[in-house]
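*Asks:* Okay, handing you the structure first.
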Amino acid sequence: RFEDGTVSFLDIIALKHGFDVLEKLTGGMEKIKQHTFALAHYTYTVLSTLKYANGAPVVRIYSDTDFSNPDVQGPIINFNVLDENGEVIGFSQVDKMASLYNIHVRTGCFCNTGACQMHLGMSNEDVQRNLQAGHICGDDIDLVDGQPTGSVRISFGYMSSFEDAQTFLKFIIATRFSKSDTEIPVQSSLTKLMPESLPDDLPSLNNADKLSPVPHILDREFEDNLSVSKPTDNRHPPEAEAESIRAAVSETTVPTCRRGGKPITVSNIYLYPIKSCSAFEVTEWPVGNKGLLYDRNWMIVNQNGVCMTQKQEPRLCLVNPSIDLNQNIMMIEAEGMEPISVSLEENTGKDTVICESKVCSHRVKTYDCGERIAGWFSMFLGRPCRLIRQSSDATNKSHQKNTKGLESAANISLSLVNEAQYLLINVASILPLKEHISARLEEPLEIEEIIRRFRANIVISAPESFEEEEWAEISIGALRFQVVGPCSRCQIICIDQQSGERNKEFLQSLSASRGKKTNFGIYLMNQPLHSSLPGILSVGSQVLPVLKENTEIQPPTSSEEKCSG
């Protein structure tokens, strides 16, 4: 009776055919229920048994049942991952790590704030506090004051298999235990879980007589084998130096300039004219009102107009754009392709059609760069795509919500970046990560390779690792920058920027070495120039930081993953 217009009669007619196909494929809903519940029960039992060396559980499962009856429990497991001390690891980090293993999970409160509040033990005051901290539905603020704002959920369907369940369990084991501790016991435990056929009267998705084999779980064996020895590798970075910095900062009541020690200098400057393509390294470069001049002014979109990044197309890193300010062109090169150029002059003709595109969840005004360059990219990538450029007619405004102390934050202009005008990383912070990854890969790594994976604009050389996380603002020559938050890393750092090959060890090692977060590097925004000098950023310039009052940098509150395209 609420129908407005013609009923969807074609879909209604299709329902019977859909149910007939489902019956033919699966044997019916009763068989689907038994199959999916068997997978959920198996996964639940193994998850419940996983423990650290100190006896602490690896996960905390939220359920109103003990997974013993499919009539009252569906094929869904809701949980949070814990560390050795029982502290919750944020769901956004679990989601990022799962994506490395091609596992899709849902995270957050799943549009059920009441159940979320009940199972997480949140009071009404906690919910209000989370909202005041900037947490909204769909964002990745997964922890507030160490307490979870949501959880992780996995679901099984009729197409799910026992191998899918094992893949998920191996993912949990691989990311929570070191290789040396789990390689032998975990593999032997999983391989000993041999499937046993259930009684013949239970339904099956493979035939009408038997349920698909379901593993028999040996609780004692899991307890013996999966309570692994305590990890001996560096799961957390050395805290001595960072602790001394934090102690010094906590004693100050106002932002304080960093004093003493070796000078901090700019060691590298990179811009990325085409979003998600290769870096263009310079020794000095003009600064515009959106960041480095021409940084991320262009991006590649698919035939539906959706922005393409290295997540979907890793070969984008093999496209090498460079800017020639004298000739006023951008040259684009790639192996096996003839170089092609694009004018730096904006196309402002009457025939130019301004379109609306999306960068993450933010809408920007763009225009198409033409058929010639579209054909070049389509040929190289082997799929239809186009090059578009941001229009200067309509400016993308800052969407940062935690720009405390930043003058006129709402009026700051952005290019086609995800979060902020600049991304800064510290070479000293890379060194411990380099050692950690090299040890796990058992092969040496070049520092330049790791620097390029993090796709920063400004690379500095500071005496202390991660001291940049204690800064409120910095000055480089006549330029002033406000620190607006940490960069929460995604799977793009797993892509070798020279070959386009993926290696998930990089994000896993970053997660292991940094504790509960995958933060690396800090976002910067321009402060208005208080000098008549031209805005030029140069390698070798000294960096003068100002310490912040609060040593905790709150992450940006965008609803999308934070990463630098």
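The values are calculated or read from the model by the stated rules, or taken from the named source; none is laboratory data. Just so you know, these numbers come straight off a predicted model, no measurement behind them. Cβ atoms come from the backbone with ideal geometry, glycine included; neighbour counts cover every protein chain shown. Just so you know, the surface numbers come from the protein's heavy atoms only, side chains and all, with ligands and any DNA or RNA stripped out. Shrake-Rupley method; radii C 1.70, N 1.55, O 1.52, S 1.80 Å.
*Asks:* What's the number of the only condition in (1) in contact (Cβ under 8 Å) with a residue 12 or more places away in the chain; (2) loosely packed, with under 15 Cβ neighbours inside 10 Å that I329 fails to meet?
*Replies:* Result: I329 fails condition (2) only.
*Asks:* Is it the case, given these coordinates, that G138 is in contact (Cβ under 8 Å) with a residue 24 or more places away in the chain and either in a strand (DSSP E or B) or open to solvent by less than 40 Å² (accessible area, probe 1.4 Å) (or both)?
*Replies:* Numbers: in contact (Cβ under 8 Å) with a residue 24 or more places away in the chain: yes; either in a strand (DSSP E or B) or open to solvent by less than 40 Å² (accessible area, probe 1.4 Å) (or both): no.
The answer is no for G138.
*Asks:* For the condition of a type in the set (F, W, Y) and either farther than 19 Å from L39 by Cα or in the same structural domain as R489 (by the TED database) (or both), what is the one hit in F67, F91, F79?
*Replies:* Values: F67 fails: either farther than 19 Å from L39 by Cα or in the same structural domain as R489 (by the TED database) (or both); F79 fails: either farther than 19 Å from L39 by Cα or in the same structural domain as R489 (by the TED database) (or both).
Step by step, each of F67, F91, F79 is checked, and only F91 is of a type in the set (F, W, Y) and either farther than 19 Å from L39 by Cα or in the same structural domain as R489 (by the TED database) (or both).
*Asks:* Right, another one. Give the residue that is farthest from S155 (Cα to Cα), with candidates limited to residues of the range 27-61 that are among the polar types (S, T, N, Q) and assigned to a helix (DSSP H, G or I).
*Replies:* Across the range 27-61, the extreme among qualifying residues is T49.
*Asks:* Now, a different point. If you go through the range 296-313 one residue at a time, how many are open to solvent by 10 Å² or more (accessible area, probe 1.4 Å), more than 13 Å from A374 (Cβ to Cβ) and either modelled with pLDDT under 90 or not hydroxyl-bearing (S, T, Y) (or both)?
*Replies:* Selection size over the range 296-313: 7.
*Asks:* When you check D20 against the structure, is it in a helix (DSSP H, G or I), of a type in the set (D, E, K, R) and surrounded by 10 or more Cβ atoms within 10 Å (Cβ to Cβ), yes or no?
*Replies:* Values: in a helix (DSSP H, G or I): yes; of a type in the set (D, E, K, R): yes; surrounded by 10 or more Cβ atoms within 10 Å (Cβ to Cβ): yes.
So D20 passes the test.
*Asks:* Another question, then. Name the single residue that is nearest to M525 (Cα to Cα) among those in the range 454-481 being in a strand (DSSP E or B) and of a type in the set (S, T, Y).
*Replies:* That would be S475.
*Asks:* Could you check the range 84-118 and list, in sequence order, the residues that are within 14 Å of L143 (Cα to Cα) and open to solvent by less than 20 Å² (accessible area, probe 1.4 Å)?
*Replies:* V88, I89, G90, F91, S92, Q93, V94, G108, C116
*Asks:* Among the residues of the range 434-442, is any of a type in the set (A, V, I, L, M, F, W, C) and modelled with pLDDT of 90 or more?
*Replies:* No, the conditions are met nowhere in the range 434-442.
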